[in-house]
Amino acid sequence: MSRILTIAAAQLGPIQRSETRASAVARMIALMRQAKAHGVDLVVYPEAALTAFFPHWWIEDEAEIDSYFEAAMPSNETAPLFEESRRLGIGFHLGFCELAHEEGRRRRFNTAILVDKSGAIVGKYRKIHLPGHPEHRPEAPFQNLEKRYFETGNLGWPVWRTMDANIGMMICNDRRWPESYRVMGLQDVELIVLGYNTPKHNPPAPDHDRLGNFHNQLVMQAGAYQNACWVVGAAKAGPEAGVDQIGGSCIIAPTGEVVAQAVTEGDELVIARCDMDLGRSYKASTFNFAKHREPQAYGMIVERKGAGPLLSA
Ligand code: CDT
């Protein structure tokens with residue numbers, strides 16, 4: 001018997017700096033209710049989905065930085081999303097900026113959670129690949145200061161058994177790195193969910209601009225196929241406080257094929273019926289890891305961070 005999970009990537013249009021969390025949550029609830037009408041089991045929201053993507057701006061005031069973070073999840077403002085999840089019997093994935101108190105200090109992470117159909121948090125992931133730079137670049141039209149505002153995630157890439165599937169998470173820039181997918185592939189992941197905030201313009205490399213949507217799709221299709229799993233990516237899209245971001249939210253099958261994709265840069269649901277067993281034939285043949293992987297030849301991947309001397313030298 002096949003295991004069908006009906007999944008919605010809930011793309012959000014821009015969230016301006018003046019927009020309240022209550023307003024963002026209301027938009028997410030509206031999408032969740034539409035999703036229910038389509039028989040959806042799991043809704044995937046974007047990265048840092050409760051506010052404008054503030055790492056695009058240099059901010060010095062600590063209180064202002066904190067204003068973009070959640071000290072509790074759920075909080076008074078996000079509780080309605082959890083209540084709606086419970087009421088409708090729909091799971092969800094949500095990206096947000098997390099203020100934690102650990103090891104005797106305040107810590108800031110770019111975080112995502114997985115919530116089951118009873119509205120309970122079953123998994124938490126903290127973004128590992130933080131793009132951009134920590135230093136101020138006032139000459140740039142906008143910046144990506146994630147290395148300034150967040151610590152590198154310290155939870156690895158766990159996979160959770162929930163909703164009758166093996167589900168893992170990554171966040172935005174993680175999707176460009178094959179290691180992110182493979183660590184979950186080695187836990188027999190069947191579905192990877194992620195959100196992203198990807199500007200159309202890349203100030204340090206403007207020659208990449210025309211390829212933004214292509215690269216977005218390319219990396220998620222490769223990750224899905226090479227690990228025989230579903231990949232669902234949800235964008236925060238459109239012009240947000242002067243930074244125009246790509247859409248292209250999509251659902252990709254373990255075959256590597258895009259089965260559904262957003263056609264706007266606003267709030268939009270992208271829905272597909274996803275058979276969690278579709279990757280089985282790949283996992284039993286081409287990508288039978290136990291039979292065909294050769295880890296003794298992969299040591300350099302964890303020994304080296306940057307490119308180094310030739311192996312042949
Ligand atoms: N949020 C985030 O991780 N954004 C980055 C921008 C890098 S531009 C190539 C991303 O990988 O989409």
Worksheet entry | Segment Val263-Glu135, extension gain: residue separation times 0.36 nm, minus the distance between their alpha carbons | 42.5 nm
Practice prompt. May I ask you to derive the FRET efficiency for Ala241 and Ser285 from their Cβ-Cβ distance with R0 = 45 Å, giving the value to the nearest 0.05?
Written response: 0.40
Worksheet item: Can you pull out the GluC sites (Glu not before Pro) in the stretch 207-272 that DSSP calls coil and that have at most 14 other Cβ atoms within 10 Å?
Response: Glu257
Worksheet item: Cα gyration tensor of the stretch 4-283, axes a ≥ b ≥ c as square roots of the eigenvalues: rounded (a/c below 1.5), prolate (a/b > b/c) or oblate?
Response: rounded
Fill in: Among Gly185, Gly13, Gly242, residue whose mean-square fluctuation peaks in a GNM of the chain (springs only between Cα atoms under 10 Å)
Gly242
Response to the item:
Residues whose built amide H sits under 5 Å from the amide H of Ile4, excluding neighbours closer than 5 in sequence, are Met276
Practice prompt. Would you mind computing, in nm to one decimal, how far apart the modelled labels at Ser18 and Asp209 are, each placed 7 Å from Cα along Cα→Cβ?
Written response: 2.7 nm
Item to complete: Would you please classify the overall shape of the stretch 116-263 from the alpha carbon gyration tensor, given that a ≥ b ≥ c denote the square roots of the eigenvalues, rounded means a/c under 1.5, and beyond that prolate means a/b larger than b/c while oblate covers the rest?
Response: prolate
Worksheet entry | Using θ = phi - 60° and Karplus 6.51 cos²θ - 1.76 cosθ + 1.60, couplings along the stretch 230-235 (whole Hz; Gly, Pro as x) | 6, 10, 10, x, 10, 8
Worksheet entry | Model label zone, Glu151; criterion: amide N under 18 Å from point 7 Å along Cα-to-beta-carbon; scope the stretch 81-97 | 96-97
Worksheet, complete the sentence: Here the percent of antiparallel bridges among DSSP beta bridges lying wholly in the chain, to the nearest 5, is 65 percent
Discussion item. Under the rule a/c < 1.5 gives rounded, and otherwise a/b versus b/c splits prolate from oblate, where does the stretch 206-299 land using the Cα gyration tensor?
Written reply: oblate
Item to complete: Take Ala63, project a point 7 Å from its Cα along the Cβ direction, then tell me which residues of the stretch 1-41 have their backbone nitrogen under 18 Å from it.
Response: none
Worksheet, complete the sentence: Interchain or sequence-distant (5+) residues whose placed amide H lies within less than 5 Å of the amide H of Gly256 are Tyr225
Discussion item. Going Cα to Cα from Lys236, which lysines come in below 26 Å? Please leave out same-chain ones fewer than 8 positions away.
Written reply: Lys36, Lys117, Lys124, Lys127, Lys147, Lys200
Practice prompt. Under 21 Å Cα to Cα from Lys283, which lysines show up? Leave out anything in the same chain fewer than 8 places away.
Written response: Lys291
Worksheet item: Whole-Hz Karplus ³J(HN,Hα) for the stretch 139-152, in order, using 6.51 cos²θ - 1.76 cosθ + 1.60 and θ = phi - 60°, x for Gly and Pro?
Response: 6, 6, x, 7, 10, 10, 9, 4, 5, 7, 8, 10, 8, 4
Worksheet, complete the sentence: Inter-part gap, Cα centre of the stretch 56-120 to Cα centre of the stretch 138-176, in whole angstrom, is 14 Å
Worksheet, complete the sentence: For Leu155, the residues 5 or more places away or on another chain with a placed amide H closer than 5 Å to its own amide H are Arg126
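Every read-out reported here was derived from the displayed coordinates using simple, explicitly stated rules and does not represent laboratory data. Every value quoted in this text rests on a predicted model; they were computed, and no experiment measured them. Using ideal geometry, Cβ is built from the backbone for each residue, glycine included, and neighbour counts are taken over all protein chains shown.
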